[in-house]
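Working notes, beginning with the structure itself.
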Amino acid sequence: MAKKVQTKSTEEILWDAANKLRGSIEPSEYKHVVLSLIFLKFASDKFIKRREELKAEGKEAFLEIPEFYQAENVFYLPEESRWDFIIDNAKQEDITLKVDTALKTIERTNKSLEGALPDNYFSRLGLDQSKFSALLDTINNIDTLRDEAQDIVGRVYEYFLSKFAIAEGKGKGEFYTPKSIVNLIAEMIEPYKGKIYDPSCGSGGMFVQSLKFIEKHQGNKKDISIYGQELTNTTFKLAKMNLAIRGISANLGNKAADTFSDDQHKELKADYIMANPPFNLKDWRAENELTDDPRWTGYEVPPKSNANYAWILNMISKLSQNGVAGFILANGALSGGGEEYKIRKQIIENDLVEAIVILPQDMFYSTNISVTLWILNRNKKERTVEVNDGVKNYRNREGEVLFMDLRQKGEPFEKKFIQFSEQDIEQITTTYHNWQQKDWETTYINEPEYCYSATLEEIRKKDYSLVPSKYIEFVNRDENIDYDTQMQSLQTELKDLFQQEEALKQEVANVFKSLGYEL
């Protein structure tokens, strides 16, 4: 009998091994254990590779000089931080202490990792030693440099971040935005060069995708600089690790901090903003706090009952002259009343809204509420822009907003979730970019249940509601149905079903009768 072929991916094998830790630690700690070890293995693999290169170049005298590694974007690892040392001691009782020492030494030796790695973490968890050793063995079998073009470490990181987000369930997993949504935002706002900012950066996924966009479109990663801020300390560390492991330098501020009360980038003017801030955040400020914050200048003060418009105004205040922002918010922000209405009205009258895109349900691991992608643009005037792979001939879109409804798009993912396919993203972004271009009258058309280009006057008549269904034509599929025809068709189907049921009953009765058990 032929041996069964191993079909599990590296990510799945690693997930299964890590899953055995359940019971010995809290699920909330789980991701930090696994991702820290993957980081350690990858850093060590790169270190060994660079070390061999130095030997091949006859530079044995420089093997212990950190600058010879850091110049090639490789972390220098003292002996006690190398993976071989960890594996050699994997069965020792103090292995968790040795892993802590390894991480602390890496951080101390490489300034770009300052504050990024767990501090005295593993030895405090009380991990089951045999399970921990088994996990180390599994990670030891992963060659993180086997195919650098495939970015195996990046894939494992993404896979684990998404699996952890699913495993932690509703209300958690804020550190991760589904990959296909991040792809969509990047492909729509096209961050070719300049400053990129995320005011609630989580694990840094928006930045990673921006870099992938630049690589895909033959750009230079040195043409962009990255700014972010994150409130939660553990997620802040995760972001620094996630970016460091991919060789991405970023300014995430001096510490984990609240974007509203402790803005780490007060003077920043960004060319691109990508964000997925917490949905419908309540009590984000005290009653009399931040009422005269300069970020709200020209607008009403955002209500303390919901931070949605505080996030929007924070982003608007940081947009450069030609800046574009793409961010996700709960649908309630499209039509909320009170102070939210006044702010939304002013944003629309200031002609900052470029597109409103409603997304399918069940795209997020942490919530199933409906969400919307907002695109804001400070410059909707006619202009020509040279980009890496062509020329953009933007038409004047002042006084216009594109509405898109993507609720019919997407494909199943992980059984109960939805994600955009590459074909979906291609179609959506083509529609959007065609609408922006000078030749739009030949390439774009309003399409029922998909897209509609609305004027400012139409939005005024709808009392500044940005709900897409108020603008996009709805197709009443019932109006052309012939009642008699439909009923006759249904009648035929039911007749067939009843006949099949009777035949089946008779067949079962015959079988029982033949066995001497007449029904």
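The values are calculated or read from the model by the stated rules, or taken from the named source; none is laboratory data. As the structure is a prediction and not an experimental result, all values here were calculated from the model. Using ideal geometry, Cβ is built from the backbone for each residue, glycine included, and neighbour counts are taken over all protein chains shown. The accessibility values were calculated without ligands, DNA or RNA, using every heavy atom of the protein model including side chains. Shrake-Rupley method; radii C 1.70, N 1.55, O 1.52, S 1.80 Å.
Return yes when ASP119 is within 29 Å of TRP15 (Cβ to Cβ), outside any helix (DSSP H, G or I), open to solvent by 30 Å² or more (accessible area, probe 1.4 Å) and in contact with a helix residue (DSSP H, G or I) (Cβ under 9 Å, 6 or more places away or on another chain) and no when it is not. So ASP119 fits the description; yes. The test for being small (Gly, Ala, Ser) and in a loop (DSSP other than H, G, I, E, B) holds for SER305.
If only one of THR455, THR443 is under 30 Å from VAL353 (Cα atoms), among the β-branched types (Val, Ile, Thr) and under 31 Å from the mean Cα position of the chain (by Cα), which one is it? THR443 is the lone residue from the list that is under 30 Å from VAL353 (Cα atoms), among the β-branched types (Val, Ile, Thr) and under 31 Å from the mean Cα position of the chain (by Cα).
Filtered by the rule that a residue be in a loop (DSSP other than H, G, I, E, B), more than 19 Å from ASN314 (Cβ to Cβ) and either touching a Ser or Thr at 6+ places or on another chain (Cβ under 7 Å) or not basic (Lys, Arg) (or both), segment 211-267 gives HIS217, GLN218, GLY219, ASN220, GLY247, ILE248, SER249. Scan segment 76-108 for residues that are open to solvent by 50 Å² or more (accessible area, probe 1.4 Å) and within 14 Å of ASN140 (Cβ to Cβ) and report the count. Total satisfying the criteria: 4. Summed over segment 373-424, the residues that are in a loop (DSSP other than H, G, I, E, B) and not charged (D, E, K, R) give a count of 9. In this structure, does VAL301 turn out to be at pLDDT 95 or above and in contact with a Ser or Thr (Cβ under 7 Å, 6 or more places away or on another chain)? So VAL301 passes the test. In segment 191-204, of all residues being surrounded by 21 or more Cβ atoms within 10 Å (Cβ to Cβ) and farther than 13 Å from LEU252 by Cα, the one that is modelled with the highest pLDDT corresponds to PRO191. Residues that are aliphatic (A, V, I, L, M) and open to solvent by 60 Å² or more (accessible area, probe 1.4 Å) were ranked within segment 337-394; the one that is nearest to VAL467 (Cα to Cα) is ILE369. Considering ASN242, ASN254, ASN280, ASN288, the condition of being modelled with pLDDT under 95, open to solvent by 20 Å² or more (accessible area, probe 1.4 Å), more than 25 Å from GLY336 (Cβ to Cβ) and polar (S, T, N, Q) is satisfied by ASN254 alone. Put simply, of PHE164, PHE175 the only residue that is closer than 22 Å to ILE312 by Cα, buried (at least 23 other Cβ atoms within 10 Å of the Cβ) and either at pLDDT below 80 or out of contact with any Gly (no Cβ under 6 Å at 6 or more places or on another chain) (or both) is PHE175.
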